[in-house]
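> Please see the structure below; I have some questions.
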Amino acid sequence: MVSRRKKTIAIIIALLIALVISSLFSYSKFRVLNPFSTAYGLIQVIFMEKEYVVIQRYPKVIVAKPTVSLQDYMKSLGFEEDEENRMASLHRFHNGDEVQYVMYSTNMYFSKWIWQE
């Protein structure tokens, strides 16, 4: 009975360590603490037909296919890009009243759009 209890405790501790490590990895790469949301979004974009997936609402984080245009997405929301004030991968969008900054990065498998506060 004692060895079964020790195995159960060891499994729970291993699962907690795996959850903490995956949360830290998700936060370091995507600025999202929920590793399940990040993993599900990546699966939908890479393996399914989704063009983009919002994996966090505030601050907004979107994972998209590398062929999807951030500029077209923002244009559909009524924003225009301010190319003169763009700073490398930090894009500036405005709609007259509001300004939004979006950090953009892409690789062969997905694009990452992270809104800045």
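> Checking residue 72 against (1) under 30 Å from residue 15 (Cβ atoms); (2) surrounded by fewer than 18 Cβ atoms within 10 Å (Cβ to Cβ): exactly one of these is not met. Which one?
With (1) under 30 Å from residue 15 (Cβ atoms); (2) surrounded by fewer than 18 Cβ atoms within 10 Å (Cβ to Cβ) applied to residue 72, the lone miss is (1).
> Name the pairs whose Cβ atoms lie under 6 Å apart, with the first residue in segment 1-16 and at positive phi, the second modelled with pLDDT of 90 or more and exposed (fewer than 10 other Cβ atoms within 10 Å of the Cβ), and 6 or more positions between them or separate chains?
none
> Would you check if residue 45 is under 18 Å from residue 103 (Cα atoms) and surrounded by 16 or more Cβ atoms within 10 Å (Cβ to Cβ)? Talk me through it step by step, then tell me what you get.
Values: under 18 Å from residue 103 (Cα atoms): no; surrounded by 16 or more Cβ atoms within 10 Å (Cβ to Cβ): yes.
No; evaluated as a whole, the condition is false for this residue.
> While we're looking at this one, here's another question. Name the single residue that is farthest from residue 65 (Cα to Cα) among those in segment 4-33 being aromatic (Phe, Trp, Tyr) and under 10 Å from the mean Cα position of the chain (by Cα).
The selected residue is 27.
> If we scan segment 88-97, do we find a residue that is farther than 27 Å from residue 49 by Cβ, free of Cβ contacts under 8 Å to residues at least 24 places away in the same chain and of a type in the set (Phe, Trp, Tyr)?
No - not one qualifying residue is present in segment 88-97.
> OK, next. Of everything in segment 1-16, what is more than 28 Å from residue 35 (Cα to Cα) and either among the basic types (Lys, Arg) or touching a strand residue (DSSP E or B) at 6+ places or on another chain (Cβ under 7 Å) (or both)? Give them in sequence order.
4, 5
> Taking the stated definitions as given, is residue 30 of a type in the set (Phe, Trp, Tyr), touching a residue at least 60 places away in the same chain (Cβ under 8 Å), buried (at least 16 other Cβ atoms within 10 Å of the Cβ) and out of contact with any Ser or Thr (no Cβ under 7 Å at 6 or more places or on another chain)?
Numbers: of a type in the set (Phe, Trp, Tyr): yes; touching a residue at least 60 places away in the same chain (Cβ under 8 Å): yes; buried (at least 16 other Cβ atoms within 10 Å of the Cβ): yes; out of contact with any Ser or Thr (no Cβ under 7 Å at 6 or more places or on another chain): no.
It is false that residue 30 is of a type in the set (Phe, Trp, Tyr), touching a residue at least 60 places away in the same chain (Cβ under 8 Å), buried (at least 16 other Cβ atoms within 10 Å of the Cβ) and out of contact with any Ser or Thr (no Cβ under 7 Å at 6 or more places or on another chain).
> With the condition being more than 12 Å from the chain's Cα centre (by Cα), I'd like the strands (runs of 3 or more DSSP E) fully within segment 34-117 carrying at least 1 qualifying residues.
Per the criteria, 90-94, 99-106, 111-116.
The values are calculated or read from the model by the stated rules, or taken from the named source; none is laboratory data. Just so it is clear, the structure is predicted and the values come from calculations on it, not from any experiment. Glycine gets a Cβ as well: all are built from the backbone with ideal geometry, and neighbour counts include every protein chain shown.
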